[in-house]
Amino acid sequence: MGGCEEVPLCYRLTVFNFNVMTCSSIAPRRTITLLIIHCTATPAGREVSLSEVDQWHRQRGWKGIGYHYLIRLDGTVERGRPEAEIGAHCQNHNEHSIGICYVGGLDNLNRPADTRTPAQRMALRELLETLHARYPQALIVGHHLFHPQKACPCFDAAAEYADLQPKSRS
């Protein structure tokens with residue numbers, strides 16, 4: 001698999017493309033300045049598939065899933081939109097960002113909560129490490145930074161991944 005040897009994403013993570021299990025060596029031809037973390041806003045323990053999120057987004061009139069990556073409860077990372085395509089996940093910031101969404105974000109009473117499983121935490125960290133290597137100047141932030149009325153992703157992404165934030169040029 002020549003593509004897997006060229007792409008850092010493949011050496012640590014198994015990323016499943018939507019309907020196709022392959023590795024991709026296509027890098028975006030756009031400047032990425034943000035890695036934006038989201039949640040599906042679904043109750044803890046309720047599995048959500050990439051095709052289900054795709055259907056939700058199509059029902060909103062979008063051309064398909066707006067996220068570039070979805071992290072399932074078991075830690076499986078699935079590829080949504082190709083990184084080279086502009087996402088549909090954070091109004092006014094899609095052009096220069098990668099959207100990453102984990103399944104969950106609500107407790108059993110439908111209140112915002114960090115419901116990431118240990119497998120999701122590990123997969124998200126590994127995905128962010130890989131994306132940080134590819135886009136070292138990209139800030140890692142939660143969706144709520146741009147839309148404060150939302151709790152998404154229900155944890156402080158910037159603080160949790162402070163070690164992966166761009167280094168200042170002093």
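Below is a table of values for the structure above.
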| quantity | calculated |
| --- | --- |
| Solvent-accessible area, 1.4 Å probe, carbon plus sulfur percent, for the range 92-159 | 57 |
| Cβ-Cβ FRET estimate between N110 and W62, R0 fixed at 25 Å, reported to 0.05 | 0.55 |
| Reciprocal mean inverse distance between Cα atoms of the range 29-170 - Kirkwood radius, Å | 15.0 |
| Magnitude of the charge dipole, the range 60-170, Cβ model with Lys/Arg +1 and Asp/Glu -1, debye to 20 | 200 |
| Positive-end residue of W62, S49, G80, charge dipole of the range 48-110 with Cβ unit charges | W62 |
| Dipole in debye (nearest 20) - the range 64-123, about Cα centre, beta carbon charges: Lys, Arg +1; Asp, Glu -1 | 140 |
| Per-pair calculated FRET efficiency, R0 = 45 Å: K167 and D74 via Cβ, rounded to 0.05 | 0.85 |
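The values are calculated or read from the model by the stated rules, or taken from the named source; none is laboratory data. Computed from a predicted model, the values in this text were never measured in an experiment. Because the Cβ atoms are built from the backbone with ideal geometry, glycine has one as well, and the counts that use them run over all protein chains shown. These accessible areas exclude ligands, DNA and RNA; they are computed on the full protein's heavy atoms, side chains included. Shrake-Rupley method; radii C 1.70, N 1.55, O 1.52, S 1.80 Å.
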